[in-house]
Amino acid sequence: MERELRNEDVWRQCGFDRPPSRWTLDRFITDFAVVAEEVFIELVHDLAEQVPLGKLFRIDGTDIPVSQRDEDAQWNYDHTDDDFYYGYGCCVVTAANNIPIAAAFTSGKKVDQETAMRVTRDALAVETPRWMVGDSEFDMLNWHDHLLAQAVVPVAPYNPRNTDDPLDIEYRVEDRIKEYSETVRLRQRQLDETYSQRSRVETAIGVCKDLGLGSPRVRGRVRVKSHVFLTLCLRVAVALTNHHRGNDVASSTITL
C-alpha cells in the first residue's frame, strides 16, 4: 500500500492531498482490525446481489506465514507440504469465479470443527449452494449434518483414522444419507465428479495470496488479522470493479 500510494495518480484518486506517511498506514492497519470482518461481509453480500456465486462452494484452510519475530504466532504443521511453518492460518469458503465469500482468521492452518461450522454458517448466510466440498479434514459429523439440514450436499472424503471400526465408504455423506433417509441415494460417480472440482479452492486462495494474503509485513495477531481481511476485501473489491466494467470477474487485476 505504501509503495502504490507514492504514485500521484493513485493517492489523488484516493482523495488524499498528499501521499500518506508510513505511520498513517501503520495506524490504519491496526484500527482496521476492529471492523475488518464486517467490511468483508458487507462487500461479499454486495457482490452476491450482482454476481452469480454458483451452486458449488469449496472450503479449505491455508497458511499465513510470518516472521519469527512475531511473538503472537506459533509453529504449525502443514500436512500438505509435510513440513512446519511459523505463523497463523485462515479458513476460507470460495464460490464461482475464485471469489472468497466467508473466512476466519485462525492460529494455524488446521481447521477445527468450531471454525468450520462458523465459516460455513457465514457462507450459507450469503447464498445456499447445492454442494459444499472439502478435503478429509472436514470429515466432521456436525458439519455434514448441518449442511444436509440446509439441503446442501457436503462432499468430503471419509477419514477411516477417525474411528476404530471404519466404514466401507468413500465419502462421509454416504453414511449420513443412508442413516437419515430411505429414499435419497447419491451415485458414486456423481460424488467423485463433484469432489474432483475441489482443487479450485486452491486456485482461489492462490489468487488472494497474489494480492498479499500470504505475505503480511506486519507483526502481532491483531495486525496480521487486519492484513488478512484487508486482502480478502481487496479481492472482492477487484471482482466488483471488474463486474461493473464488464471485465472478467475471476481476474485478480483491473483492466483500465
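A few remarks follow.
- Meets criteria (farther than 23 Å from ARG130 by Cα and of a type outside the set (Val, Ile, Thr)) for PHE57: no
- Residue in segment 159-181 that is under 20 Å from the mean Cα position of the chain (by Cα), of a type in the set (A, V, I, L, M, F, W, C) and in the same structural domain as ILE41 (by TED's automatic domain parsing) present: no
- Considering each residue of segment 222-233 in turn, at least one proves to be surrounded by fewer than 21 Cβ atoms within 10 Å (Cβ to Cβ) and more than 22 Å from VAL93 (Cβ to Cβ).
- Residue count for segment 1-53 satisfying the condition of being farther than 19 Å from LEU213 by Cα, touching a residue at least 40 places away in the same chain (Cβ under 8 Å) and in a loop (DSSP other than H, G, I, E, B): 4.
- Taken over segment 177-210, the criterion of being at pLDDT 90 or above, surrounded by 15 or more Cβ atoms within 10 Å (Cβ to Cβ) and not in a helix (DSSP H, G or I) is satisfied by ARG198 alone.
- Counted residues, segment 61-86 - those being in contact with a strand residue (DSSP E or B) (Cβ under 6 Å, 6 or more places away or on another chain) and in contact (Cβ under 8 Å) with a residue 60 or more places away in the chain: 7
- Taking the conditions (1) of a type in the set (Phe, Trp, Tyr); (2) farther than 23 Å from THR253 by Cβ; (3) crowded, with 22+ Cβ neighbours inside 10 Å in turn, TYR77 satisfies each one other than (3).
- The set of residues in segment 54-91 being of a type in the set (Asp, Glu) and not in a strand (DSSP E or B) consists of ASP70, GLU71, ASP72, ASP81, ASP82.
- Lone unmet requirement of (1) part of a helix (DSSP H, G or I); (2) surrounded by fewer than 16 Cβ atoms within 10 Å (Cβ to Cβ); (3) touching a helix residue (DSSP H, G or I) at 6+ places or on another chain (Cβ under 6 Å) for ILE254: (1)
- Only one of THR120, THR94, THR128 that is crowded, with 23+ Cβ neighbours inside 10 Å and either modelled with pLDDT under 95 or not in a strand (DSSP E or B) (or both): THR120
- Checking each residue in segment 118-131 for being of a type in the set (A, V, I, L, M), more than 22 Å from ASP78 (Cβ to Cβ) and under 13 Å from the mean Cα position of the chain (by Cα) picks out only ALA123.
The values are calculated or read from the model by the stated rules, or taken from the named source; none is laboratory data. Here the structure is a predicted model, which is why all the values come from computation and not from measurement. Every residue, glycine as well, gets a Cβ built from its backbone with ideal geometry; the counts of neighbours run over all protein chains shown.
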